[in-house]
Structures are given as C-alpha cells and as structure tokens.
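Single-structure report; data block below.
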Amino acid sequence: MNMKMNQEISVRKVTEDAENLFRNGFFCSEAVVSSIRSNFGLEVPEEVIMMASGFPVGVGRSKCLCGAVSGGVLSLGMFFGRTKPGDPKVEKNLAVANELHDWFKNNNGKNAVCCRILTKEFDMGKGEHKAQCIRFTGMVAGKTAEIIIREFHLKNTDAEKEDVEKGDGKKA
C-alpha cells in the first residue's frame, strides 16, 4: 500500500469515535469507516464513507450481515484490498476480513453476525437496539484498528498507557 497513515493509533479512541459517530447520526457501517479513516489519517476522500451507507441494519435494512462488520470489512479493504484483477494481495484482505468476522461472532455474546439474530429481542421501530448497536460498532472499529496496527507494525498508544498503569512502562 502506498497510502500514508498515522504511525501511532489509540484503539480506545477509534472505538470511542465510532460509538460517538453512531450516537450522533451516522449508521454503524458509516461510523466504523469514518473512525478508521480519520484516526489512521488516511489520505482518501471523505466520500469513501458514502460507500458504507448501504450496509446498515444488515445491508439495506434486510437484517442480514451486521452493518458494523460490513463497515469493518470495507475499512480493511482500504488497507489490504486490490485495484487490479489477479493481484494476489487480495488473499491477505480475505484473511483479515475472515478474522474480523469470526472474532465478532465469537465475542459479541450472541454467537452470530446476522443482524436479524443480533437484534431479535428488540423492537427496531422503537430504537431499542441502539445501545447494543453502538457497542457492536465500537467493538468492530476497535478490532479493525487492532488488525491494521498489527499487520502494519504500527504503535498502539493504549498499550503503552496500560504498561504505565501496571507499572511495567518506562514513563511514570
């Protein structure tokens, strides 16, 4: 990838920004893409967020794949995707997308990625699902950031803060 990006990232901030973007009017998928784009300082147009606008509520309100997961996969594509047929780097993109999918399924407490299952106990018309979806949006944005940080050998500034808090760090 020839894209410039920030070398130091706070996963906690990525998570919080995505949650706040959802609270303030973006849908889950848009919030994830926007948070990743801004926190990583990507030099891609703001219009990339528009690509995520059709994925909320399980792709166009069909209640299929969780929109937050879709936003995470779109975000991973900005880093690992390809622009030319036959480019083998697509294999890395598929691997990290699968990692995100499986992680979310195993860590959301519902063992599912289908919006219909994730929200089945809520009256969507009354907005009862929103708190859960805000949490899921933050979870996905944070995990997406962790994957990118790991793969590009970037610095997670939260890890340093955690070391200091535990007394393991060099700073006091």
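The values are calculated or read from the model by the stated rules, or taken from the named source; none is laboratory data. Please read all numbers here as calculations on a predicted model, not as lab measurements. All Cβ positions, glycine included, derive from the backbone under ideal geometry; neighbour counts span all protein chains shown.
Would segment 76-85 turn up any residue that is hydroxyl-bearing (Ser, Thr, Tyr) and crowded, with 16+ Cβ neighbours inside 10 Å?
From segment 76-85, those hydroxyl-bearing (Ser, Thr, Tyr) are 83; that's our starting set.
Those still in the list that are crowded, with 16+ Cβ neighbours inside 10 Å too: none.
No, every residue in segment 76-85 fails to be hydroxyl-bearing (Ser, Thr, Tyr) and crowded, with 16+ Cβ neighbours inside 10 Å.
Would you be able to tell me the number of residues in segment 68-91 that are part of a helix (DSSP H, G or I), without any contact (Cβ under 8 Å) to a residue 60 or more places away in the chain and under 21 Å from Val44 (Cα atoms)?
The number of residues fulfilling the criteria is 5.
Can you find, within segment 4-21, the residue that is surrounded by the fewest Cβ atoms within 10 Å (Cβ to Cβ) among those that are of a type in the set (S, T, N, Q) and assigned to a helix (DSSP H, G or I)? Only one residue fits best here, namely Asn20.
Against the definition (closer than 25 Å to Gly127 by Cα, at pLDDT below 95, surrounded by fewer than 23 Cβ atoms within 10 Å (Cβ to Cβ) and among the polar types (S, T, N, Q)), how does Ser34 come out, yes or no? Please lay out each step first, then the result.
Working: closer than 25 Å to Gly127 by Cα: yes; at pLDDT below 95: no; surrounded by fewer than 23 Cβ atoms within 10 Å (Cβ to Cβ): yes; among the polar types (S, T, N, Q): yes.
Criteria not met by Ser34.
Just one of Ala159, Ala141 is in a helix (DSSP H, G or I), small (Gly, Ala, Ser) and within 24 Å of Cys66 (Cα to Cα); which is it? Full working, then the answer.
Numbers: Ala159 fails: within 24 Å of Cys66 (Cα to Cα).
That would be Ala141, the only listed residue that is in a helix (DSSP H, G or I), small (Gly, Ala, Ser) and within 24 Å of Cys66 (Cα to Cα).
Just one of (1) in a loop (DSSP other than H, G, I, E, B); (2) without any contact (Cβ under 8 Å) to a residue 24 or more places away in the chain fails for Met51. It is (1). Look through segment 104-129, keep the residues that are in contact (Cβ under 8 Å) with a residue 40 or more places away in the chain and in a helix (DSSP H, G or I), and return whichever of them is surrounded by the most Cβ atoms within 10 Å (Cβ to Cβ). Within segment 104-129, the match that is surrounded by the most Cβ atoms within 10 Å (Cβ to Cβ) is Cys115.
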